[in-house]
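Data block below; observations after.
The values are calculated or read from the model by the stated rules, or taken from the named source; none is laboratory data. Note that the structure is a prediction, hence the values are computed from the model and not measured. So basically every Cβ, Gly included, is an ideal-geometry build from the backbone, and we count neighbours across all protein chains shown.
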Amino acid sequence: MPAAAAPPLRLAGAALALALPGLAWADGGVMVRSEPPGQRIFVDGEETGLETPALVLGLPAGPHRFELTSGCRGGVGEAVVIDGKNVELTIQANLDTGVLQVNPNPPTAAVAVDGVEGPNKRSLSCGAHTVRVALPGFVQAVVPVEVEAGRSSALDVSLEPLGTGTLTLSLSPADAAVAVDGRPLAVGPVRQAPLTAGPHSLELSRAGYAPLQKTIVLEPGAELSLNLALQPLAQAVAVTPPTAPGGGGMSKAQALRATGWGLTAAGVGAAVFGITRFAAAGAAYAEYQDRSLNGPGPASAVEAIRAEQVVPARNLGWTMSALGAALVGGGVTLAVSF
């Protein structure tokens with residue numbers, strides 16, 4: 001049956017099949033329905049020109065693959081055609097993905113779809129995508145592609161060789177090591193070394209010198225000549241110990257030790273003062289006893305010596321002695337800890 005005549009015949013067959021469901025055709029057929037309807041029908045990869053629901057006629061006996069698509073919806077199903085009979089096939093058109101097979105040449109090229117590298121064959125959402133194929137030494141290819149829902153498609157991409165350029169280097173010092181793209185190239189000057197055209201990372205190194213890294217670009221068939229010099233490493237500078245805030249020239253540990261000894265000295269002073277208060281209390285108490293026994297003066301004046309001289313001096317002596325002991329203990333601890 002001519003291909004151009006197939007759609008009208010299939011449409012006629014679809015109309016008859018809808019009107020006479022029990023009708024059988026000598027060449028067999030498939031009544032294709034979908035949910036939702038209105039999907040374009042492909043049989044074995046060929047478009048029929050029909051939309052669901054439709055009776056597809058003119059198919060040889062045996063299994064056939066049916067693909068439906070409409071916008072970003074689609075579905076896939078199979079049916080076995082039997083001579084003289086119509087068979088039913090219902091396909092759920094709810095897929096929103098398709099399959100893209102990228103065939104790069106050379107086959108070792110990396111394939112990225114929408115900037116994401118991955119396998120050459122992958123499932124993608126329907127719609128527009130960008131395929132990038134790249135391999136060192138070849139011109140990168142960027143190809144737009146349209147993926148149909150529920151369908152598989154193939155994309156063949158052949159890369160063009162970039163060609164080569166040459167690199168010449170004059171070095172200082174003359175025995176510097178040269179590496180290109182992380183791989184050693186030479187030790188010392190380089191004379192017309194062939195490299196793949198395109199960008200490269202150039203690294204120079206030598207003991208006692210600061211390393212140098214530079215990005216270079218070689219043009220196909222051209223020579224790139226460079227004069228490169230490494231800078232000697234600066235002499236190490238002695239590091240002084242940190243100083244206390246304010247620039248006084250004293251470290252934190254030194255400041256803490258000085259504080260400890262200062263507290264110790266203050267404690268000794270407080271303790272000595274406390275001892276003098278005990279001595280004053282003792283002298284006042286002796287006077288109090290003498291006047292209590294021998295006079296002179298009224299009893300109230302004698303009692304005032306005890307209340308106003310003996311007791312305050314004794315209490316102050318205890319307080320200053322205790323304070324002095326605490327200051328001495330804390331100061332010594334602080335001083336010897338740092």
Odd one out for LEU263, checked against (1) of a type in the set (A, V, I, L, M, F, W, C); (2) at pLDDT below 90; (3) not assigned by TED's automatic domain parsing to the domain that holds THR333: (3)
So ALA149, is it part of a loop (DSSP other than H, G, I, E, B) and in contact with a Cys (Cβ under 8 Å, 6 or more places away or on another chain): yes
Any hit, the stretch 97-108, residues being over 25 Å from VAL147 (Cβ atoms), of a type outside the set (D, E, K, R) and in contact (Cβ under 8 Å) with a residue 12 or more places away in the chain: no
The stretch 100-115 - residue that is within 15 Å of ALA128 (Cβ to Cβ) and in contact with a strand residue (DSSP E or B) (Cβ under 7 Å, 6 or more places away or on another chain) and, of those, surrounded by the fewest Cβ atoms within 10 Å (Cβ to Cβ): ASP114
Test: residue in the stretch 303-311 that is surrounded by fewer than 16 Cβ atoms within 10 Å (Cβ to Cβ), outside any helix (DSSP H, G or I) and over 60 Å from the mean Cα position of the chain (by Cα): no
Tally of residues being within 25 Å of PRO119 (Cβ to Cβ) and touching a residue at least 24 places away in the same chain (Cβ under 8 Å) across the stretch 51-72: 3
Any hit, the stretch 103-115, residues being out of contact with any helix residue (DSSP H, G or I) (no Cβ under 8 Å at 6 or more places or on another chain) and farther than 30 Å from LEU159 by Cα: no
Residue within the stretch 233-245 that is modelled with pLDDT of 75 or more and touching a strand residue (DSSP E or B) at 6+ places or on another chain (Cβ under 8 Å) present: yes
Residue within the stretch 85-99 that is modelled with pLDDT of 90 or more and exposed (fewer than 13 other Cβ atoms within 10 Å of the Cβ) present: yes
Sole residue being touching a Lys or Arg at 6+ places or on another chain (Cβ under 6 Å) and either buried (at least 17 other Cβ atoms within 10 Å of the Cβ) or over 30 Å from THR108 (Cβ atoms) (or both), chosen from ALA207, ALA176: ALA176
Test: ARG132 is touching an Asp or Glu at 6+ places or on another chain (Cβ under 8 Å) and outside the structural domain of THR196 (by TED's automatic domain parsing): no
Residue that is in a helix (DSSP H, G or I), surrounded by 12 or more Cβ atoms within 10 Å (Cβ to Cβ) and at pLDDT 75 or above, where the choices are ARG291, ARG277: ARG277
Filtered residues of the stretch 182-209 (kept if farther than 18 Å from PRO220 by Cα, part of a loop (DSSP other than H, G, I, E, B) and in contact (Cβ under 8 Å) with a residue 12 or more places away in the chain): GLY182, GLY188, PRO189, ARG206, GLY208
